[in-house]
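The values are calculated or read from the model by the stated rules, or taken from the named source; none is laboratory data. Computed from a predicted model, the values in this text were never measured in an experiment. Every residue, glycine among them, receives a Cβ derived from its backbone with ideal geometry; neighbour counts consider all protein chains shown.
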Amino acid sequence: MSTIQRQVIWNIGFSVILALVVAAAFIIVFPIADWSELWNRHFMDIPFVIFIPAFSIAIGILLGIISGMFWRRQFQSVEHSLHQLEQGKQIGFVEKQSITEMQGIAEQIDKIGRQISEQAKLSQRLATEKVEDQEARIQEIIEQERNRLARELHDSVSQQLFAASMMMSAINTTKQSTNEEDREAKQLKMVEEMIHQSQLEMRALLLHLRPVALKNKTLQEGIEELLIELSQKVTMEIKWKVEAFPLDKGIEDHLFRILQESVSNTLRHSKAIKLEVLLIKRDDLVILRIVDDGIGFEVDNMKAGSYGMQNMHERALEVGGTLKVISVKSKGTRLEVKVPVMKNGDGVND
């Protein structure tokens, strides 16, 4: 039942009861000798006994509509403020309410909005400080990372490429000694698969081992560099739209890590043909969206068992943002991150 309907029913009931009370008081004070007079006397060509309840009901409907519309506006104002909070937007100004209780609710909503904004600012500042601390330790880690990368490449990709080379040598030997075309075709197929697997493994490995990709670069530059490099190495069609705007380093780092994880998952699991990346800023919200047309997956099952998905959610929360994943089997996957950009006293994010 809507607010207007509820108010109409209440006001009709109140008007009818009030009319009955007034009529009863009038009859007690001024007793009626002949009750038929109530029917015989007319007001606006309507019998008086019918006019009174009809007029009461009409007044109740009118008052109910007026009061219902008034309360609906009050509730819509509160609902709008709550919706802004849910979307991560700043309320900024609370409209003066004519009712004390509603004004109290509006002030509480405004207070909650300011608290959420302060928490988001704190989270972003902590994320920035965390990134700066990490950068201070990067130089001493670089040498260890290079050595580990060399071992990984030697133990996996190099061995597979070596095996592929040996297979090619065997093919040449076979061609010289026999004419078994079927055997040669199988060997060529095996070589092709091994080389292809080596390439995929190399790309996935390098994508995960780029923790300093944004060093001396903006988020936009890092995204474009990553996607241009991928588009040159994979057959997938990659499109992107990246708008230029300044961001705190902590937010940039977390968004780039989320992009890396999402693109890596797409390359390894989605079997997609197209990949689209969007980075924009709208209404004090930074929006990062990654969409593919792959095989999709069950979002609930992935959240429960995927370290990568959990890591992306945690990174979004650390900068006061939200992460939403929509995936449909055989249709593709859409990942969207929204981070509120707070205006500080120095206007850094403006």
Query raised in the report: (1) part of a helix (DSSP H, G or I); (2) at pLDDT 90 or above; (3) not small (G, A, S): which one isn't true of E261, the others all being true?
Result: (2)
Requested in this report: Check off (1) farther than 30 Å from W71 by Cβ; (2) surrounded by 12 or more Cβ atoms within 10 Å (Cβ to Cβ); (3) modelled with pLDDT of 80 or more for E145 and give me the number that stays unchecked.
Outcome: (3)
